[in-house]
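Everything on this sheet refers to the single structure shown next.
The values are calculated or read from the model by the stated rules, or taken from the named source; none is laboratory data. Computed from a predicted structure; not experimentally measured. A quick note on method: Cβ atoms are made from the backbone with ideal geometry, for glycine too, and the neighbour counts reach across all protein chains shown. We work out accessible area using only protein heavy atoms, side chains counted, and drop any ligands, DNA or RNA first. Shrake-Rupley method; radii C 1.70, N 1.55, O 1.52, S 1.80 Å.
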Amino acid sequence: MIKKIRVLLVDDQALFREALRTLLGYQEDFEVVAEASNGEEAVRYSIQEKPDVILMDLQMPILSGVDATQRIRGQRQDVQIIALTTFDDDELIIDAFRAGAIGYLLKDVPSEKLFDAVRSAARGEYFLSPSIMAKLVTEVTRAERQVTRKPGIDNPLSRRE
């Protein structure tokens, strides 16, 4: 018997949740255990239903996906959260990972990549779409350059200091 990956769907659009439930239902190793339409419901269902993976929209009413991710990760270290959103804003990407997301996908992702992401997350592995990976690498590189600038008027301390 196949061990099923328990999935919680979180999105404020009912039609999108229904489509995800249908897609995931075609996979033998997935079980959708609950659906939430906002971040507060996501926090509650993450405790009640004990999912392995949460697919989390980031822009929702009542409590954002980033805030819900942070609350959930504060209460359940064993759950893995994948941000699934239409937004590829640099700041939102960084905020999602700081809050505890293990993956970040755009909603235009092919279904096979979504399935791969859920399986990877269930194993505790990070999963990013290539465009998000490029943005993260750019952000990390930019931040690294700021840290390693030579001392001067803008940065009076040396790297060692």
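On the given criteria, is Gln48 within 19 Å of Ala121 (Cα to Cα) and of a type in the set (S, T, N, Q)? So Gln48 fails the test.
Hey, which of the helices (runs of 4 or more DSSP H) in region 76-161, taking only ones fully inside, have at least 2 residues that are of a type outside the set (A, V, I, L, M), touching a strand residue (DSSP E or B) at 6+ places or on another chain (Cβ under 6 Å) and modelled with pLDDT of 90 or more?
Of the helices (runs of 4 or more DSSP H) lying wholly inside region 76-161, none has at least 2 residues that are of a type outside the set (A, V, I, L, M), touching a strand residue (DSSP E or B) at 6+ places or on another chain (Cβ under 6 Å) and modelled with pLDDT of 90 or more.
Close contacts from region 15-26, counting a first residue that is acidic (Asp, Glu) and a second that is surrounded by 14 or more Cβ atoms within 10 Å (Cβ to Cβ), with Cβ to Cβ under 9 Å and a gap of 6+ residues or different chains, come to Glu18/Glu35. The set of residues in region 89-106 being within 12 Å of the chain's Cα centre (by Cα) and not β-branched (Val, Ile, Thr) consists of Leu92, Asp95, Ala96, Phe97, Arg98, Ala99, Gly100, Ala101, Gly103, Tyr104, Leu105, Leu106.
The listed residues are Asp67, Asp29, Asp12, and the only one of them that is open to solvent by 10 Å² or more (accessible area, probe 1.4 Å), touching a residue at least 24 places away in the same chain (Cβ under 8 Å) and over 19 Å from Leu105 (Cα atoms) turns out to be Asp29.
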